[in-house]
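The values are calculated or read from the model by the stated rules, or taken from the named source; none is laboratory data. From a predicted model like this one, the values you see are computed outputs, not experimental measurements. Cβ placement follows ideal geometry from the backbone for every residue including glycine, while neighbour counts extend to all protein chains displayed. For the accessible areas, the whole protein counts, side chains as well, though only heavy atoms, and no ligand, DNA or RNA atoms are used. Shrake-Rupley method; radii C 1.70, N 1.55, O 1.52, S 1.80 Å.
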Amino acid sequence: MKILLAAVFAVTLSAASSADHPTGTRTTPPTLNSVSPIGVARGTTVEMTVEGLNLAKSSAVYFSEPGITGKILRVKELPDLPENRLGANGTPSTVDLGPLPPRNQVTVEVDVSADAEIGPVRFRLLTPLGTSPEGEFLVEPYYGESNDKEPNDSAEDAVEVFLPAILTGTISKPGDVDYFKIHVDAGEQLVFLDGGALIGSGLEPVVTIFDDHQAVIREFGEKGGMEAIRFAHKFDKAGTYYVRIADYREEGGGGNFYRIVVGNYPLVLSAYPIGVQAGKTREIALQGYNVPAKISVTGDPKQFSEDAMRLRPEHSFNELRLSLANAPDVDAASGQTIPVPATVNGRVAEADGNRYHFHARKGQKLILDVTARRFGSDLDSYIEVLDREGKPIERASVRSVAESSTTLSEQSSASTSARFSTRSGFAVGDYVMIGGEIDRIREIPDSPDADIGFDSFGGQRIGYFDTTTEAHSIDKPIYKVLIYPPATKFTPNGLPVAHLYYQNDDGGPGYGKDSLVHFTAPADGDYIVHIKDVRGMHGENLAYRLSIREPQPDFRLSVNPRNPNVPLGGSIPITVVASRMDGFEGPIDVTVEKLPADFTSTSGVIAEGQVATTLLLSAAPNATLNAAAPLEVVGRAGQLTHSANPEDRLKLVSLMPKPDILMTAETKVVEIEAGKTAEIAVSIQRQNGFGGRVPVAVMNLPPRVKLEDIGLNGVLLNENETHRTFHIQALANAPAVEQLIYVGGDIETRSDLQTVYAAPQAILLKVKAAKN
C-alpha cells in the first residue's frame with residue numbers, strides 16, 4: 001500500500017500547459033508525495049520507494065526511532081504530472097512559479113532490527129537542496145498481510161485470513177465496507193491495533209465481529225475514542241467469524257486506510273496513576289492484554305521530554321506516555337484534606353466528581369491544573385475552587401462599556417479572529433467578552449472588510465482569567481469590558497455586568513480538554529477544589545492527576561522549522577517560541593549551539609511579555625557539509641535552561657545551494673513614536689536565473705507594532721523591481737522598546753514549505769512611548 005502525503009499541487013486530467021515561464025527558474029524545496037510500503041516488519045530489510053519533487057541525488061536517510069537504518073539504492077526521474085493550480089478565489093492561479101520541478105522516485109533500503117519497537121517511524125531524506133519534510137511508515141510484527149481485495153463488501157466475498165495477520169485496505173468510497181473471514185479456537189483472545197491512525201489515516205474505523213450466522217458479536221468504535229483503534233475480544237466458541245471494517249461517517253477516499261494488527265500480543269490500554277513524580281519511583285497499575293498488572297516506574301525527564309516519559313511494558317505493541325510533575329504524589333480519597341503542594345491521583349467515580357480540601361493563606365497564589373486527556377484518559381475535566389461552605393468564590397467583576405457582535409461567519413473555539421459588526425469604541429489591548437469567555441484584542445486591521453485578531457498561542461485564542469473559549473454563532477454579542485475587583489458595584493449603563501469565578505473547563509493552548517485555574521486566596525482558611533467530568537460521566541477510564549502548588553515560573557521552547565536548509569552564502573530565519581508557565585514573563589536568551597564549521601547563527605532574546613524571537617542561520621559562501629547536523633536551540637533565563645523540542649531526533653541543519661535572492665536591509669535603525677509610522681527600505685539581487693516577484697516578510701516585530709496595511713498582497717517586489725520602501729506603524733498604546741527586527745524575501749514555489757531568504761543585516765527598532 002502507498003500512503004499519500006500532503007499534496008503540493010492539484011492534478012487534473014487535462015494536458016499540462018506548455019506556456020513559457022517568464023519569471024525563470026526557482027529553487028523548490030524537496031517535497032514528499034508518497035511512501036510505499038507504509039508497513040515494514042521488524043527483523044526484515046525492505047526496499048521502500050519515496051516519491052516527490054526535487055529528490056534527485058538523495059544521499060542519506062534519517063529516522064526518528066532507534067533500531068532502524070537505511071541507505072539510498074537508486075533515484076530515478078518520473079514523468080511530470082499535469083497541474084492546475086488554484087488561487088485563493090478558487091480560479092486558476094495567475095502567479096508564475098517557473099517550470100515544474102522534476103518528480104523523482106527514491107528507493108531506500110530500510111533495515112529494521114528485530115529489537116525495534118512496534119509503532120510509527122518518521123524519516124527525512126537528505127538531498128543537495130537540504131532535508132525533506134517528514135515521511136512516515138509503521139514498524140510492524142512479522143505477521144503476514146491480508147490485503148483488501150474488492151469486491152469484499154459482504155461475508156460471501158470476505159477475504160480469508162490466517163492468524164496472526166495484518167488486515168490492510170482502504171475504505172475508498174462512501175458506504176464502502178470490507179469483510180475478512182477468520183477462524184478461532186474456543187476461549188481464544190484476539191487483540192486488534194489499527195496502525196493507520198498513527199500515521200495520518202482519515203478513517204474513523206468501526207470494527208464489527210459477526211458469527212458464521214451473521215449475528216453481531218461485538219462492535220468497536222461506534223463511540224469513537226481510543227476504542228476505535230485498539231481493543232480485544234475473547235471468543236467463547238470455536239468456529240468461523242467475520243470482521244467488518246467501515247467508516248463511522250460512511251465517507252471514503254484514498255486517505256481512509258487501515259492496517260489492523262490481529263493476534264494475541266502485548267497491548268497496554270491505560271496506566272494508573274497516569275504520571276509519576278520526577279525522580280521518584282512508584283508502582284503503576286496497568287490495564288491491557290498480555291502485560292503485567294503492575295510495574296515499578298521511575299520518573300525520568302531525560303527519557304522522553306521534560307514533562308513526560310514513555311511507558312512500554314513487556315515490549316508492548318504500543319506505548320503510553322506518563323506525566324511528570326515535581327509536586328509530591330498523593331493518593332487521596334474524595335473529601336480528604338491534602339497538603340500544598342501536592343499532585344493528587346484520582347478517578348472520577350461519581351457523576352458529581354470528587355472534592356478535596358486544602359488550606360491557603362490570604363494572598364497566596366496557587367496553580368491548580370489537571371493532567372488527564374493529554375495522557376490518554378477519557379476525562380473531559382472541569383474544576384472550580386469553592387469556599388469551605390462549598391460556595392463559588394468570585395475573582396473579578398466585569399463591566400461592559402461598548403457593544404458589537406460577530407458577523408459574516410461562525411467561529412470555532414480555537415478561531416484566532418472574528419469579524420465585528422462595528423469597531424467603534426474598540427482598540428488593540430482591550431478585553432472583550434463573548435459569551436462566557438474573556439479575550440483580548442491583538443490586532444485591528446485597517447481594512448473594515450477584515451477580521452479583528454485576538455491574542456492567541458499555537459493557533460488557538462487565549463481565554464483570559466481562566467475562561468474557556470467557546471464556539472460562536474453569527475450575531476453573538478461582543479462587549480468591550482473593564483475588569484474590577486470582586487463585588488464591585490456599578491451605575492447601570494444598559495450593558496451587561498458579569499462575575500468571574502475560580503473555575504475552568506478547557507485550560508487553553510497546550511491543555512486541550514484538561515483544566516487550569518490560577519487561584520489567589522482571598523483570606524486565610526480552608527478551601528475546596530471540585531473536579532468532575534463536564535459531561536457528567538464517571539468510571540475507571542476517567543483518571544486524572546490534579547496538581548495544587550505555588551507558581552513555579554518556567555518556560556519550554558519549540559523551534560520552526562525543525563529542518564532548516566541553509567543556503568550557501570545566504571541566511572534564513574528560524575522562529576523560537578516560548579511557552580511561558582506559571583506567570584513567567586522575564587526575558588529568555590536564545591542561542592543555537594554546536595553548529596557545523598562555516599555555519600553561524602545570531603543570538604536572540606524573547607523579550608519580557610513576548611513569546612517568540614527570530615534567529616538567522618547563515619552559511620559561508622564556501623561552506624561544505626556532507627551530512628545533516630543536529631539542530632540544538634537553547635534558551636536561558638537566570639537559573640533556567642531548556643532546549644527546544646528535546647524529544648525530536650529529526651531536528652537537522654543541512655546545506656543547500658546559493659539562494660535565489662540576496663536581500664539587503666538598507667535601513668539600519670528605525671526610530672518611531674507610538675501612534676506614528678516609519679519607513680524601511682530594502683533591496684534584492686536575483687540569482688540562479690530567478691525573475692519572479694518577491695513578497696517581503698518583516699520578522700520579530702514587538703507587540704503593537706505592525707506592518708502598515710497595504711492590501712492583500714502585502715509588501716511586494718514585483719518582477720521588474722529590485723528596491724522597495726514600506727512603512728511600519730506603532731499603535732498609539734505601543735510601549736517603549738528597543739528590539740532587533742529582520743526582513744526577508746519569500747520565494748513562491750509549489751512546495752507547501754515556506755522559503756524565506758533573510759537579509760543578514762538586523763534593523764534596530766526603537767519605539768518611543770507617545771508624548772502626553
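Things to note:
- Counting 0.36 nm for each residue step from THR725 to THR575 and taking away their Cα separation leaves a gain of 51.5 nm.
- Peptide ranges 99-106, 473-480 listed from the most packed, as the mean C-beta count within 10 angstrom indicates: 99-106, 473-480
- Accessible surface ranking that places the most exposed of ILE462, ILE548 first, with a 1.4 angstrom probe: ILE462, ILE548
- Based on every Cα atom in region 98-158, Rg and the maximum pairwise Cα distance Dmax equal 18.1, 53 Å.
- Contour excess over end-to-end distance, with Cα ends at ASN147 and LYS280 and 0.36 nm allotted per residue: 43.2 nm
- Taking the accessible area of the chain, probe 1.4 Å, and keeping the other protein chains in place, the carbon and sulfur fraction comes to 49%.
- Three-way shape label, region 319-372, alpha-carbon gyration tensor, a/c 1.5: oblate
- For ILE260, the shell of other residues with beta-carbons less than 13 Å away shows a net charge of -2, using +1 for Lys and Arg and -1 for Asp and Glu.
- Exposure of HIS538 as accessible area (Å², to 10), given a probe of 1.4 Å and all protein chains: 100 Å²
- Of the residues LYS302, LYS237, LYS181, LYS651, ranked by 1.4 Å probe accessible area with the largest first, the sequence reads LYS302, LYS237, LYS181, LYS651.
- Probe 1.4 Å - accessible area at GLU156, Å² to nearest ten: 150 Å²
- Distance from region 475-540 to region 269-337 (C-alpha centre basis), Å: 31 Å
- In the context of the full set of protein chains, the chain has a per residue accessible area of 44 Å² (1.4 Å probe).
- Only lysines eight or more places from LYS302 in sequence, or on another chain, were considered; those with a Cα closer than 16 Å are LYS280.
- Region 618-742 shape via C-alpha gyration tensor axes, a/c threshold 1.5: oblate
- Too-long pairs where the Cα-Cα distance tops 25 Å, listed order kept, from LYS391/LYS532; LYS476/LYS676; LYS57/LYS658; LYS173/LYS513; LYS57/LYS651; LYS489/LYS513: LYS476/LYS676; LYS173/LYS513; LYS489/LYS513
- With a 1.4 Å probe rolled over the protein heavy atoms of all chains, the accessible area of LYS594, LYS280 falls in the order LYS594, LYS280, largest first.
- Two-site label geometry, LEU163 and THR44: point separation in nm, points 7 Å out along Cα→Cβ: 2.1 nm
- In this label model, THR641 and VAL95 are separated by 4.3 nm, measuring between points 7 Å along each Cα→Cβ vector.
- Using C-alpha pairs under 8 Å with a sequence gap of at least 6, the mean separation divided by the residue count of region 44-144 gives a relative contact order of 39 percent.
- Net charge over other residues, Cβ less than 12 angstrom from the Cβ of LYS280 (K, R count +1; D, E count -1): -2
- Using the Cβ-Cβ distance between ASP212 and SER413 with R0 set to 41 Å, the FRET efficiency from 1/(1 + (r/R0)^6) comes to roughly 0.30.
- Taking 0.36 nm per residue of separation and subtracting the Cα-Cα distance, full extension of the segment from ALA487 to LYS57 would add 147.8 nm.
- Interchain or long-range residues, amide H under 5 Å from SER146's placed H: ILE166, LEU167, THR168
- Volume in Å³ per residue [convex hull over Cα atoms, computed for the chain]: 185 Å³
- Backbone HN-Hα couplings from phi across region 111-119 [Karplus 6.51/-1.76/1.60, Hz, Gly and Pro as x]: 10, 10, 4, 5, 8, 5, 7, 5, x
- The label-point distance for GLU540 and VAL340, in a model that sets each label 7 Å from Cα toward Cβ, rounds to 3.5 nm.
- ARG74/GLU632 FRET efficiency (R0 45 Å; Cβ-Cβ; nearest 0.05): 0.85
- GLU227/ARG361 FRET efficiency (R0 30 Å; Cβ-Cβ; nearest 0.05): 0.10
- Take ASP752: with every protein chain present and a 1.4 Å probe, its accessible area is about 100 Å².
- Taking a ≥ b ≥ c as the square roots of the eigenvalues of the alpha-carbon gyration tensor, region 172-310 is classed oblate because a/c is 1.5 or more while a/b is no larger than b/c.
- Karplus-derived 3J(HN,Hα) values for region 395-405, using 6.51 cos²θ - 1.76 cosθ + 1.60 with θ = phi - 60°, are 9, 6, 9, 10, 10, 7, 10, 8, 9, 8, 7 Hz; glycine and proline are entered as x.
- Cβ-defined net charge surrounding GLU150, 11 Å radius [Lys, Arg +1; Asp, Glu -1]: -3
- Cut-off 20 Å (backbone N to label point 7 Å along Cα→Cβ of GLU585), residues of region 745-772: 767-770
- Cα centroid separation, region 226-251 to region 693-712: 53 Å.
- Dimensionless Rg ratio for region 380-471, taking C-alpha atoms and the 2.2 N^0.38 Å reference: 1.22
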